[in-house]
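Peer 1: Here it is, the structure in full.
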Protein chains: 2
Amino acid sequence: MQTETICLGILRNGPATGYVIKSVLEGPLNQIYNLSFGSIYPALSKLTKEKYVTVKQHAQDKKPDKKVYTITKKGISYFEETLLEESGKYVRSGNYGDQIKSEFAMLLLFSKSLPKENIKLILDERILYVQQQLNLITYEGPLAKDSNLNAIRNSAQGQFTRGLMAEVIKTAINYMEKNRKKLHD
Amino acid sequence: MQTETICLGILRNGPATGYVIKSVLEGPLNQIYNLSFGSIYPALSKLTKEKYVTVKQHAQDKKPDKKVYTITKKGISYFEETLLEESGKYVRSGNYGDQIKSEFAMLLLFSKSLPKENIKLILDERILYVQQQLNLITYEGPLAKDSNLNAIRNSAQGQFTRGLMAEVIKTAINYMEKNRKKLHD
DNA sequence: AAGACATATATCAGATTGATATAGGGACAT
DNA sequence: ATGTCCCTATATCAATCTGATATATGTCTT
């Protein structure tokens, strides 16, 4: 999925800055997709040139300038067309998460070359880390500032997607706890 | 994880060509990591220069030349050191699969902008596709040629990792079947 | 006999990351 | 008080990676 499409999809839920778009991709909807500023900012510039979004510069008293982007009607049409056209190809990529680079799974696969005490430590850390991620995804408390993230999180689509991720993560934790002995006993 | 490390890890299980390394990353151990030829071939050249691997060119009668790479003792030491040094950072990246780019999850998240019939079709296709991936991972039949892939697949580490992926995929299928109505009814 | 597919290596434009730079504010410790 | 660290906020860039394409030949199917 193009960076431009992701940005438009997030802006569909309300105006946002590049910084906020990045934070949406790291908050409770985390574990799905990530983008660096190095691709978000150029994408927003391109979208502005093509009139799919408009910008308003907010010169803030004591903070750096904010550039708040808003999706245009043209942008909404373009977004909906693109999503429909490309939907087929997003289905066949990855099992539950595309473009897979699971360094952790590779580490497990290569763990024969690691001392057993280290394997134990690694699994302990991993289970803790994954549990934290689960908490992030299932967090239902207030989110403050960006209505954008709230809208995405509380929509039926957001609930479904978060539920899917949460179930998958729980399964992973249970599996690791039950079967870890096979790797280090 | 560096491409060089991945290559060394696969070569630890026996000599292989670049083509075979690519196929290992696409076979029954699929869904964990992937690399393009554009990064595998340069990595193998670099490893050769640094004497972590040796090459033997097999001029084949009627096929293009094969370059069979074998890991050296220096390569094994380097691999084990790297794995140990970097293991900590591989733990904290992604929930079950790092560097996440789940185009499918993004599509679900944005599916409010899609006609309901399309959402139904997408979920049908997705469930079918994911089921195929599950079959690939759980496949226990013969693999022919490359002992390399066999060795990885049948090791305790391979069994653990494949089991983890399989459980996670089954959970995803069940979840989608049970909850899909929330997206299109 | 044409077309699809598998083996096998290689290159490259375009896209992405991760680090770094810049800049001010607030929180907390020493 | 002064240092350190984190948050908001935009931006750039070298190094890396992908996806497409090129080249070459064999086999299997229709």
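Peer 1: Mind listing whichever residues of region B:34-69 are over 19 Å from the mean Cα position of the chain (by Cα), modelled with pLDDT under 95 and small (Gly, Ala, Ser)?
Peer 2: B:ALA59
Peer 1: A:LEU149: away from chain B (no Cβ under 13 Å), touching a Leu at 6+ places or on another chain (Cβ under 7 Å) and at pLDDT below 85, yes or no? Break it down into steps so the answer makes sense when it comes.
Peer 2: Values: away from chain B (no Cβ under 13 Å): no; touching a Leu at 6+ places or on another chain (Cβ under 7 Å): yes; at pLDDT below 85: yes.
Spelling it out, it is not the case that A:LEU149 is away from chain B (no Cβ under 13 Å), touching a Leu at 6+ places or on another chain (Cβ under 7 Å) and at pLDDT below 85.
Peer 1: So, of the residues in region A:1-27 that are closer than 14 Å to B:GLU103 by Cβ and more than 9 Å from chain B (Cβ to nearest Cβ), which turns out to be least open to solvent (accessible area, probe 1.4 Å)?
Peer 2: Selected residue: A:LEU25.
Peer 1: For region B:28-47, name all the residues that are open to solvent by 40 Å² or more (accessible area, probe 1.4 Å), farther than 30 Å from B:ASN135 by Cβ and more than 10 Å from DNA strand C (Cβ to nearest atom).
Peer 2: Passing the criteria: only B:LYS46.
Peer 1: Is at least one residue of region A:48-61 near DNA strand C (Cβ under 8 Å from one of its atoms) and farther than 12 Å from A:LEU149 by Cβ?
Peer 2: Residues of region A:48-61 that are near DNA strand C (Cβ under 8 Å from one of its atoms), as a first pass: A:61.
Retained after the next criterion (residues that are farther than 12 Å from A:LEU149 by Cβ): A:61.
The answer is yes, given that some residue of region A:48-61 is near DNA strand C (Cβ under 8 Å from one of its atoms) and farther than 12 Å from A:LEU149 by Cβ.
Peer 1: One residue is enough: does region A:25-33 have a residue meeting the conditions over 16 Å from the mean Cα position of the chain (by Cα) and away from DNA strand D (no atom under 13 Å from the Cβ)? I'd like the intermediate steps shown before the answer.
Peer 2: Pass one, region A:25-33, residues over 16 Å from the mean Cα position of the chain (by Cα): none.
No: zero hits.
Peer 1: Just wondering, is there one or more residues in region A:160-178 that are of a type in the set (Phe, Trp, Tyr), modelled with pLDDT under 90, more than 29 Å from A:GLY14 (Cα to Cα) and open to solvent by 10 Å² or more (accessible area, probe 1.4 Å)?
Peer 2: First pass over region A:160-178, keeping only residues of a type in the set (Phe, Trp, Tyr): A:160, A:175.
So of that shortlist, the ones also modelled with pLDDT under 90 come out as none.
Looking for residues that are of a type in the set (Phe, Trp, Tyr), modelled with pLDDT under 90, more than 29 Å from A:GLY14 (Cα to Cα) and open to solvent by 10 Å² or more (accessible area, probe 1.4 Å), one finds none in region A:160-178, hence no.
Peer 1: Any idea which residue in region B:10-23 is farthest from B:LYS56 (Cα to Cα), counting only those that are within 14 Å of the chain's Cα centre (by Cα) and away from DNA strand D (no atom under 14 Å from the Cβ)?
Peer 2: Once the filter is applied, the top-ranked residue is B:SER23.
Peer 1: Suppose the filter is touching a His at 6+ places or on another chain (Cβ under 6 Å) and either modelled with pLDDT of 95 or more or within 12 Å of chain A (Cβ to nearest Cβ) (or both); does B:LYS112 pass it?
Peer 2: Numbers: touching a His at 6+ places or on another chain (Cβ under 6 Å): no; either modelled with pLDDT of 95 or more or within 12 Å of chain A (Cβ to nearest Cβ) (or both): yes.
No; evaluated as a whole, the condition is false for this residue.
Peer 1: Still on this structure, please answer the following. Output the residues belonging to region B:151-185 that are farther than 15 Å from B:ILE122 by Cα and outside any helix (DSSP H, G or I).
Peer 2: Residue satisfying the conditions is B:SER155 alone.
The values are calculated or read from the model by the stated rules, or taken from the named source; none is laboratory data. All figures in this text were calculated on a predicted structure; none of them were measured in a lab. Note: ideal-geometry Cβ built from the backbone for every residue, glycine included; neighbour counts use all protein chains shown. Quick note on the areas: whole protein, heavy atoms, side chains included, nothing else; ligands and nucleic acids left out. Shrake-Rupley method; radii C 1.70, N 1.55, O 1.52, S 1.80 Å.
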